[in-house]
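Here's the structure we're looking at; comments come further down.
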Amino acid sequence: MTETAPFPWSDKKIAAFRETLLTWYDQNKRDLPWRRDHKPYHVLVSETMLQQTQVQTVIPYYEAFLTQFPTVQALADAPQAQVMKAWEGLGYYSRARHLQEAAQQVVRDYAGNFPTTAVELQTLQGIGPYTAGAIASIAFNEVAPAIDGNAFRVFARLFCIEDDIAKPQTRAVFDCVIRRVIDPARPGDFNQAIMDLGSTYMRASDPDAEHSPVAAFDASFQSGRVLDFPVKTKKPRPVPIAYLALAIHSPAGWLFMQRPQTGMLGDLWMFPLIAEDELEETLAPARLQEAAQQFGAEAGTTLTLSDPGLRPVTHTFTHQKWTMTIVQAETDEFSLATLPARWVPEPELASLALPTVQKKLLRRMQLLKE
DNA sequence: CAGGCGTGGAC
DNA sequence: TGTCCAAGCCT
């Protein structure tokens, strides 16, 4: 479809689509925790967790998060470490930091009452065009599209839209189409119905377009090209990276470092890592000494290597594949340098926000169950 | 704009 | 094991 082509659906067809979609939704919508009410704070928390994350994964995190931080005020006032801990294992950790920042913005700039328009909502940290549209439509009945992966896929199929959804500029094409079709009487339900459709009959893999309630409106189905849509360029495969993970133990516990706020696994705690390409060969004791000195150990500190036999741990991220060789060492406690580092006794491991990759290391060392 | 940013499930 | 995917946002 080009920008100059006339809109392919008549007003009558648009009305029929809305009726069909919403009738199906009213009878078949999933019973999800965040559909119990339409409070903007609840919508914000759920939509943030749902970014690039499946419903099944989010449900327990959502329940626990709202128990711990029941109001936007409570989240704004909470210690940041507590928020990161609540996010542990969910991934994309900047979402947690941004979510709390947004709560603080609402408290500080809006006296605790959420702004009610998509345009204003987008000024809050972590809220982009999708989440703003979702909150505005669901909580405040604004006629605003909420264009996520489901909406891209559903409308690409309904209209056989060939534009590459991986390109940012494509959003405008879909925004234009959806504004034509969205039901102005029930924008929030319309957006959620599209998502339910996109996760059932019109899912990415193994779709069931034949039995879809909107099969009659589905141009890709009518032309036998369901799997040709949406058009989306593929992402590069993960780059392999080899690390040594330094598991340094003293009577005070294990040496952990807090990762920088920006970048991967920001604010979370891990063993110090050394990229293997920074090393000549395997880790000589002298190199371990050198590394320990960076954390504050004096030159004479004795480090005894232990348990060299652990198999490496692998962990794949979206864009990197890590292989980590664990180097365990025993030492006397030394005072840590200015780095964001701590000695962590084993009972306190549970109170730190640890990424899954760190938990894998601990499991391999049998310091964590499972 | 392109690329960075996690994790778990499905196949 | 590899590959792709899932209710995106930030820089």
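For A:Glu298, the solvent-accessible surface computed with a 1.4 Å probe is close to 140 Å², ligands and nucleic acids excluded. The modelled label-to-label distance between A:Gln80 and A:His319, using points 7 Å beyond Cα along the C-beta direction, is 2.2 nm. Which ³J(HN,Hα) values in Hz, rounded to whole numbers, follow from the phi angles of segment A:213-223 under the Karplus curve 6.51 cos²θ - 1.76 cosθ + 1.60, where θ = phi - 60° and Gly and Pro get x? Ordered by residue, 3J(HN,Hα) equals x, 10, 3, 5, 9, 8, 5, 5, 5, 4, 9 Hz. Close amide H pairs (under 5 Å, H built 1.01 Å from N) link A:Tyr243 with A:Glu276, A:Thr323, A:Met324, A:Thr325, residues at least 5 positions away or on another chain.
Once both labels are positioned 7 Å from their Cα atoms along Cα-to-Cβ, the gap between A:Thr53 and A:Lys13 label points is 3.9 nm.
What angle, in degrees between 0 and 90 and rounded to the nearest 10, separates the Cα long axis of helix A:285-294 from the longest principal axis of the Cα atoms of chain A? That works out to roughly 70 degrees. Given R0 = 56 Å, the distance between the Cβ atoms of A:Asp277 and A:Asn113 translates into a calculated FRET efficiency of 0.60.
In the complete set of protein chains, residue-level accessible area for A:Arg35 is approximately 50 Å², probe 1.4 angstrom. Note on A:Arg30 and A:Glu348: the model spin-label points, each 7 Å out from Cα along the C-beta direction, lie 4.0 nm apart. Annotation: per residue accessible area for chain A equals 50 Å², rounded to a whole number [probe 1.4 Å, protein chains only]. Take the convex hull of the alpha carbons in segment A:1-124; its mean projected area over all directions comes to 10.4 nm². Between helix A:187-198 and chain A there is an angle of about 70 degrees, using the helix long axis and the longest principal axis of the Cα atoms. Ranked by the mean number of other Cβ atoms within 10 Å of their residues, highest first, the peptides A:115-128, A:13-26 fall in the order A:115-128, A:13-26. Fully extending the segment from A:Ser335 to A:Ala172, taken as 0.36 nm per residue of separation minus the present Cα-Cα distance, adds 53.1 nm.
Quarter the surface of the alpha carbon convex hull of segment A:84-164 and you get the mean projected area, 6.8 square nanometres.
Translational diffusion of chain A was estimated from the Stokes-Einstein equation, with Rh taken as the Kirkwood radius over Cα pairs; at 4 °C and 1.567 mPa s the coefficient is 55 µm²/s. Calculated [222 nm] ellipticity per residue, helices only, for chain A: -12000 deg cm²/dmol; basis is -39500 (n - 2.57) per DSSP H run with n ≥ 4, divided by all residues, nearest 500. Using a cutoff of 8 angstrom between alpha carbon atoms and counting only pairs six or more residues apart, the relative contact order for segment A:74-180 works out to 16 percent.
Out of every Cα pair in segment A:133-186, what percent are spaced more than 13 Å from each other?
Values: 819 of 1431 pairs.
Tail fraction, whole percent: 57.
With the whole protein complex present, A:Glu101 retains an accessible surface near 60 Å², based on a 1.4 Å probe. Taking only the alpha carbons of segment A:11-228, we obtain Rg and Dmax values of 17.8, 55 Å in that order.
Max-minus-min Cα coordinates of segment A:239-364 on each principal axis give 41, 35, 26 Å, with the largest extent listed first.
Explain nothing, just the number: relative contact order of chain A, from Cα pairs under 8 Å at least 6 residues apart, as a whole percent.
Details: 542 pairs, mean separation 56.9, N = 370.
In percent, rounded to a whole number, it is 15.
In chain A, the longest principal axis of the Cα atoms and the axis of helix A:149-159 are about 30 degrees apart. Expressed as a whole percent, the accessible surface of chain A that belongs to carbon and sulfur atoms is 51, based on a 1.4 Å probe. Kirkwood-type hydrodynamic radius, segment A:159-313: 21.4 Å, calculated from all non-identical alpha-carbon pairs.
The values are calculated or read from the model by the stated rules, or taken from the named source; none is laboratory data. Remember, predicted model here, so these are calculated numbers, not experimental data. Don't worry about glycine lacking a Cβ; one is built from the backbone with ideal geometry, like all the others, and counts go over all protein chains shown. Heads up: the accessible areas ignore ligands, DNA and RNA and are worked out on the full protein's heavy atoms, side chains in. Shrake-Rupley method; radii C 1.70, N 1.55, O 1.52, S 1.80 Å.
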